[in-house]
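The next block holds one structure in the form of structure tokens; read it before the comments.
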Amino acid sequence: MKIINYGKEQGILIEFNNLFKKENIIRGIEMYGTDFFFIPNKFWTIKNETNEYIEVYNNTTQKTLRIKREFLTKVLRKPNIFANRIVVKPSSYALSIPEDLDFDYDLKEYINYGVKSGTAKFSIKAWREKWYSHIYKQIQKKQPYGNIFLPDKVDSAFKHRGVFANYTEKDTIATKNFYILKIKDKEAQKLLTLWFNSTIFLSIFVSMGKKISDRFIRFLGQDYLYGLIPNINNIDNDLKTDMINLFDSIKDKKFPPLKHQFEIDEFSKIRYTLDSLILEAIGIDDIEIQNNIYRYIKKKLI
């Protein structure tokens, strides 16, 4: 693409690892036992929440337990849940239990149910002793907290997906279904979230993504690490302000699937504005180039 070549020549598009470190992009946590380590799950619903604990209820046993918040961490799980909004809030908790712990009654009951029901069997098989701590150990080692989340794989036609990158206002962890960008600067977070939702990036993604089935494509961690992003340090301050204002104005909108964004007036205006700002950040002011990108992506979305 001419845009890529121009951006690279001008030093406006640079590799992610030229601006950030390898540690700034990590895979989310691995988990064995969905219906044990994530709450709510197949067996336990959330009945009540307080500052100290969440109350969970099991419909089979008709038992209510209180799990202390010190053992719970908000987590992003399934990318498809967040496929239509940029700014998201996690809807699940991950159970993070330290190794050396005297269990209180409720936590012990929860663990015992996981063993007896078989919901924890894969974790027990994989980790054996102190299997219940494998998420805690990952969190301690990886510190997988970030604000930008990129899905591990997506439908190449974006049939049910309106946005690519998600953003959380608070530092959040995610499962291995996401790559997490750990970037502290709030302004940089928002600018990069716009980039990963731009038609320019999506055109690169669908043309260079690795095909893993007839339907799904992906970027690996290395692809993001050596992939191109705008050099956000060199973006004009006024333009940065315009980009942040756009981000704030669209962050709570529910986006239709990508191909429909070119057909619905409200969202075609949003996409046009977003892409115009991204192109300006790259140093390009050419409506025909933008139209060419749209023609290309529309063919890919058929």
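The values are calculated or read from the model by the stated rules, or taken from the named source; none is laboratory data. A quick note: this is a predicted structure, and the numbers were derived from the prediction, not measured. Here the Cβ is made from the backbone with ideal geometry for all residues, glycine too, and neighbour counts use every protein chain on show. Just so you know, the surface numbers come from the protein's heavy atoms only, side chains and all, with ligands and any DNA or RNA stripped out. Shrake-Rupley method; radii C 1.70, N 1.55, O 1.52, S 1.80 Å.
Select, from VAL87, VAL56, the only residue that is touching a Phe, Trp or Tyr at 6+ places or on another chain (Cβ under 8 Å), modelled with pLDDT of 95 or more and closer than 30 Å to ASN234 by Cα.
So the residue among VAL87, VAL56 that is touching a Phe, Trp or Tyr at 6+ places or on another chain (Cβ under 8 Å), modelled with pLDDT of 95 or more and closer than 30 Å to ASN234 by Cα is VAL87.
Residues of region 132-153 being in a helix (DSSP H, G or I) and open to solvent by less than 20 Å² (accessible area, probe 1.4 Å), which ones?
SER133, HIS134, ILE135, ILE139
Do you know which of the residues in region 103-118 that are out of contact with any strand residue (DSSP E or B) (no Cβ under 7 Å at 6 or more places or on another chain) and more than 13 Å from THR61 (Cβ to Cβ) is surrounded by the fewest Cβ atoms within 10 Å (Cβ to Cβ)?
That would be TYR105.
Taking GLU55 and the conditions (1) open to solvent by less than 50 Å² (accessible area, probe 1.4 Å); (2) of a type in the set (Asp, Glu); (3) assigned to a helix (DSSP H, G or I), which numbered condition does it fall short on, given that it satisfies the others?
For GLU55, the exception is condition (3).
Keeping to region 210-241, report how many residues are open to solvent by 100 Å² or more (accessible area, probe 1.4 Å), free of Cβ contacts under 8 Å to residues at least 60 places away in the same chain and in contact with an Asp or Glu (Cβ under 9 Å, 6 or more places away or on another chain).
Number satisfying all stated conditions: 0.
Please indicate, with yes or no, whether at least one residue in region 154-162 is at positive phi, open to solvent by 20 Å² or more (accessible area, probe 1.4 Å), in a loop (DSSP other than H, G, I, E, B) and out of contact with any Lys or Arg (no Cβ under 9 Å at 6 or more places or on another chain).
Within region 154-162 (the criterion being at positive phi, open to solvent by 20 Å² or more (accessible area, probe 1.4 Å), in a loop (DSSP other than H, G, I, E, B) and out of contact with any Lys or Arg (no Cβ under 9 Å at 6 or more places or on another chain)), the answer is no, since none of the residues qualifies.
I'm trying to understand the selection: among the residues of region 1-11, which are in contact (Cβ under 8 Å) with a residue 24 or more places away in the chain and surrounded by fewer than 18 Cβ atoms within 10 Å (Cβ to Cβ)?
MET1, LYS2, ILE4, TYR6, LYS8, GLN10, GLY11
Go through region 285-302 residue by residue and tally those that are open to solvent by less than 40 Å² (accessible area, probe 1.4 Å) and out of contact with any Lys or Arg (no Cβ under 9 Å at 6 or more places or on another chain).
So the answer is 2.
Just checking, which of LYS89, LYS63, LYS42 is touching a strand residue (DSSP E or B) at 6+ places or on another chain (Cβ under 9 Å), open to solvent by 70 Å² or more (accessible area, probe 1.4 Å) and touching a residue at least 60 places away in the same chain (Cβ under 8 Å)?
Only one candidate passes the filter, namely LYS89.
Give me a count of the residues in region 247-302 that are of a type in the set (Gly, Ala, Ser) and touching a residue at least 24 places away in the same chain (Cβ under 8 Å).
Residues that pass the stated criteria total 2.
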